[in-house]
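These notes are about the structure you will find just below.
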Amino acid sequence: MLIRVPITCETVDIDVKLTRSLVVLSALVCLAVPAIADETEQDHEHADSDSVDARMEGWLAHPQRTARAARAVRPPTLDGHVGEDEWAVAPVQSGFTQDDPKHGDPASEQTTFQILFDDEALYVGVICYDSRPDSITPMLSRRDEWRERDVVEFSLDAHHDHQTGAFFVVGPSGWMRDGTIFNDDDGDRTWDGVWEAKTQLRDDGWSIEYRIPYHVLRFSEKPAYTWGLNVFRFISRRQEWSHWNFKPEGVSGWTSRFGHLEGIEGIEPKRSLEIFPFTIGRATLTRGEDGAKDETDLLGTAGVDVRYGLTSSISLNGTINPDFGQVEADPAVLNLGVFETFFDERRPFFVEGNQIFETPRPGIPGISRPARLYHSRRIGRSPSRFGLPDDSDEIDRPDNTTILGALKVSGKTDRGTAFGVLDAVTSSEEARIEQRLTDAQTGLVDTVRRYFEVEPVTNYFVGRVQQDLRANSTVGAQFTSVNGDGFDPAYVGAADAHVKWNDTAYRIYTRLAFSRAGQDDDRDSGWEGLAYFTKDSGSIGGQLYADFTSKGFNTNDLGFMQRDNRAQVGSHLWYRIREPYWFARESGYNLNVWRTANLDGDELGRGINFNMWHDLHNYWGFWMGLDHGFETYDDLATRGGPVMRSPAWNRWGMDVWADDRNAIGGWMGASVNWSRGGDNLRTWNGIEFELKPAPHIELEIEPSYNYQKSDAQWVENVDSDGDDEDDRYIFGELVNKTFELGIRGTWAFTPFLSTQLFLQPFVTTGDSGRIKELARARSYEFVDYDELEDNPDFQRRALRFNLVTRWEYAPGSTLFIVWQQNRDRDFDDIREPDFDPIGDAGRSFGDEGDNIFLIKINRWIGL
């Protein structure tokens, strides 16, 4: 499945409250100990009655093909030539079936594959015959980056649990992509295994030779093995996907639809030790403010990442003094709302193998998804645990908290028990402040500069265990904790079940979670419950959804959620036309309704949405949707004040996308949201150009413009009578204009050497008109307010720039050369914001900010 140790050391005294975390860690590990012990035994015959095959028997209604591997007389020379003598002993597999565009028809071109094995690795030879070899689309890009090209994907379920697996994708140019599969049909392409593939262009098509060492596959020792297997081929010019083991249209699941690989015997799984020592040199150039001298900060550091196979199917990953300088910075955004902006995780240690901690977060249009119990971006976050003392101003603080080390243990046993444990420790961080101190006797005020702790040494823990049941169903439990000096610990626990039946066409997911947490020391307790039913096969399907979140429930210490005190219900009905007809190759129609309220009985949202999409015969396509939201209430608009009326609203949107095979492609979209006859209006327009001037070069240019006119944008709350309680709630009539330009470029010199560019100028202005206050609670009525002291207008611009050259100079070993710029300017006391997007985008290159130059080199050592 294509899814889309420091040079200068210092002693650190870590006094962290770990007791509860260790107790939970012990409990989770104890759940897996019996199965781990089983794996160390050489005889597995006793497990037959509890085996995965026994649990799965009888529920797979569709036939599955079987391929056989042969033991290699000698390992094939890895050069892409599959016709060598070494391959003669391996049975040839063929007979691929189209999934798209002519579902169920034989593939238009023949594909064959053979599988060999020895004591160290699996070898796969694939020949992709093509009647027009001059039309093969090679396209070369950085590893794992998807581009339009011919590809072959080889997928294995080595656990043979019909839930998990790994995929290995190769293109004619030698481009490689890999990843893992979990929960049957979820994918994680962030995993980078150490394997090899070579390709050759032939007169009759192209061919591949894979070498996949056993240490990249997780499986338990047996006398003979049966693994899940499927092979896929994509022919770009035809937009044709074909499968070796055919998956009928409208049938859910992915790994559970694999065929079987048999014939492998007499091998032992590898408990490998992989060590990745790295060293980094970094120079940070900071432009001085108001004519001050520029500052240069030079840093050298080193660290190590470790992967170790505790058993053949359980691994340990650790990192000491990690550095993620090669990771792209977060984009610039403007957030005028009440909720925190969510940013994706990009740091390799926390992304790779993270799927065990990812529980389903179902949802439908119109309602918010349930809380994330674990969001790894909290580890190493911007230091902010403690507020600044009174009468002080901040001069600067570190951008991120230093991660001293982290450890992750994960795996799956023969009895279908998957588990994962992660523990990380971050250092204390200090802000530089300027504080005004008043002498109690003389009354004189003295200003001093000093350092103040804003983040203590902190321990983060997350653990999860999940058990496979019959029919690909699962039950699981999860626990997180945050402990540190100077604040009360935070805990979250949850139990969940994912039940599937009727060949996985029907599913119910339920979760019950509890927390004693919160971002301050006033730790509240709360709970969340959710249930989700779906029918996910055939031409008609849908979902029913409900969740309830009590007051005080909070996962934000180590998770992510927007609010508590909420109940949501919704339904989604869809209709699919899966076969080509006169208008399109495939179409979908969706109808959604929803209702949201708080637990005090205030209706917070109620609406209906209809949308449709069409993939056209020329491989263009479009989506269009229309929403209507009814008049309800908003209990957060006043930021802690009374409930406020929320007007009815409407929204229309449309996206159009082009054929990816063209040298110039892309998409364009537009949306408009309006209410109160246009007093509240928001429009968004975006377009992306994808330019492919050569097979190894790609450029994406994505400008967008957002216009927002708000009749009631919150400004501030005021305590007018001095009783320490806000009693006046101030709003402004705001016109906000935002322009951003995203530019991404890739130049791939070889499959292992590439340079990537990311550039984002960002410009936004806010011009406030009438300033007013809420007239009374539960209304949308206002009266003029003339006592505002601060000017709410704003004008901001920013620049994000990232240039990364990546060279995989040996399997698993990489060199990064990075140039990064982060520039920001916020204009003070702007009375008439001047929206000049093109001019300000150009001027942002000269604004104050950091220039960072970094070289990072690591080395894979496999033992």
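Only one of the numbered conditions (1) at positive phi; (2) among the aromatic types (Phe, Trp, Tyr); (3) not in a loop (DSSP other than H, G, I, E, B) is not met by Trp652, and that is (1).
Does the range 105-114 include one or more residues that are exposed (fewer than 15 other Cβ atoms within 10 Å of the Cβ) and at pLDDT 95 or above? Within the range 105-114, one or more residues are exposed (fewer than 15 other Cβ atoms within 10 Å of the Cβ) and at pLDDT 95 or above. The number of residues in the range 544-578 being buried (at least 20 other Cβ atoms within 10 Å of the Cβ) and closer than 28 Å to Leu616 by Cα comes to 1.
Being within 25 Å of Glu352 (Cβ to Cβ) and part of a helix (DSSP H, G or I): is that true of Ser220 here? Break it down stepwise before answering.
On the way: within 25 Å of Glu352 (Cβ to Cβ): yes; part of a helix (DSSP H, G or I): no.
No.
Conditions tested, residue by residue: (1) out of contact with any Leu (no Cβ under 7 Å at 6 or more places or on another chain); (2) closer than 19 Å to Asp150 by Cβ; (3) buried (at least 19 other Cβ atoms within 10 Å of the Cβ).
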| residue | (1), (2), (3) |
| --- | --- |
| Met176 | yes, yes, yes |
| Asp188 | yes, no, no |
| Lys198 | no, yes, no |
| Leu217 | no, no, yes |
| Phe232 | yes, yes, yes |
| Ser236 | yes, yes, yes |
| Gln239 | yes, yes, no |
| Phe246 | yes, no, yes |
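Kindly provide the set of residues from the range 561-587 that are out of contact with any Phe, Trp or Tyr (no Cβ under 6 Å at 6 or more places or on another chain) and hydrophobic (A, V, I, L, M, F, W, C), ordered by number. Hits for the range 561-587 are Met561, Val569, Leu573, Trp574, Ile577, Trp582, Phe583, Ala584. Evaluating Ala637 against the criteria (1) within 30 Å of Asp724 (Cβ to Cβ); (2) modelled with pLDDT under 95 leaves one unmet condition, (2). From the list Trp684, Trp667, the one residue that fits, being touching a Gly at 6+ places or on another chain (Cβ under 8 Å) and crowded, with 16+ Cβ neighbours inside 10 Å, is Trp684.
The residues on offer are Gly493, Gly484, and the sole one that is buried (at least 21 other Cβ atoms within 10 Å of the Cβ), under 21 Å from Leu422 (Cα atoms), in the same structural domain as Phe452 (by TED's automatic domain parsing) and not basic (Lys, Arg) is Gly484. If you go through the range 134-162 and keep only what is among the polar types (S, T, N, Q) and out of contact with any Ser or Thr (no Cβ under 6 Å at 6 or more places or on another chain), you end up with Ser135, Ser155. Considered as a group, the residues in the range 392-402 that are in a strand (DSSP E or B) and of a type outside the set (Asp, Glu) include one that is surrounded by the most Cβ atoms within 10 Å (Cβ to Cβ), and that residue is Ser392.
Just one of Phe324, Phe349, Phe357 is of a type outside the set (Gly, Ala, Ser), more than 24 Å from Arg511 (Cα to Cα) and within 15 Å of the chain's Cα centre (by Cα); which is it?
Answer to the selection: Phe349.
Screening the candidates Gly463, Gly420, Gly405, Gly411 for the property of being in the same structural domain as Ala490 (by TED's automatic domain parsing), within 26 Å of Ile320 (Cβ to Cβ), touching a strand residue (DSSP E or B) at 6+ places or on another chain (Cβ under 7 Å) and surrounded by fewer than 20 Cβ atoms within 10 Å (Cβ to Cβ) yields one hit, Gly405.
Every residue, every condition in (1) surrounded by 15 or more Cβ atoms within 10 Å (Cβ to Cβ); (2) basic (Lys, Arg); (3) assigned to a loop (DSSP other than H, G, I, E, B), yes or no:
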residue: Ser256; (1), (2), (3): yes, no, no
residue: His260; (1), (2), (3): yes, no, no
residue: Glu268; (1), (2), (3): no, no, yes
residue: Arg282; (1), (2), (3): yes, yes, no
residue: Leu298; (1), (2), (3): no, no, no
residue: Thr301; (1), (2), (3): yes, no, no
residue: Leu316; (1), (2), (3): yes, no, no
residue: Pro331; (1), (2), (3): no, no, yes
residue: Gly337; (1), (2), (3): no, no, yes
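Out of Trp146, Trp87, one residue alone is among the hydrophobic types (A, V, I, L, M, F, W, C), in contact with a strand residue (DSSP E or B) (Cβ under 6 Å, 6 or more places away or on another chain) and not in a strand (DSSP E or B). It is Trp87. Checked against (1) more than 26 Å from the chain's Cα centre (by Cα); (2) in the same structural domain as Lys102 (by TED's automatic domain parsing), Gly253 meets all criteria but (1).
For the range 590-614, residues that are surrounded by fewer than 15 Cβ atoms within 10 Å (Cβ to Cβ) and in contact with a Phe, Trp or Tyr (Cβ under 7 Å, 6 or more places away or on another chain) total 1. Do we have any residue at all in the range 826-833 that's farther than 30 Å from Thr279 by Cβ, touching a Phe, Trp or Tyr at 6+ places or on another chain (Cβ under 8 Å), of a type in the set (A, V, I, L, M) and at pLDDT below 90? Checked the range 826-833: at least one residue is farther than 30 Å from Thr279 by Cβ, touching a Phe, Trp or Tyr at 6+ places or on another chain (Cβ under 8 Å), of a type in the set (A, V, I, L, M) and at pLDDT below 90. The condition of being closer than 21 Å to Val492 by Cα, outside the structural domain of Phe167 (by TED's automatic domain parsing) and part of a loop (DSSP other than H, G, I, E, B) does not hold for Arg346. In the range 148-192, how many residues are of a type in the set (D, E, K, R) and modelled with pLDDT under 85? Going through the range 148-192 one residue at a time, the tally reaches 6.
The values are calculated or read from the model by the stated rules, or taken from the named source; none is laboratory data. The structure displayed is predicted, hence computed values, not measured ones. Positions of Cβ are generated from backbone atoms using ideal geometry, with glycine treated the same way; all protein chains shown enter the neighbour counts.
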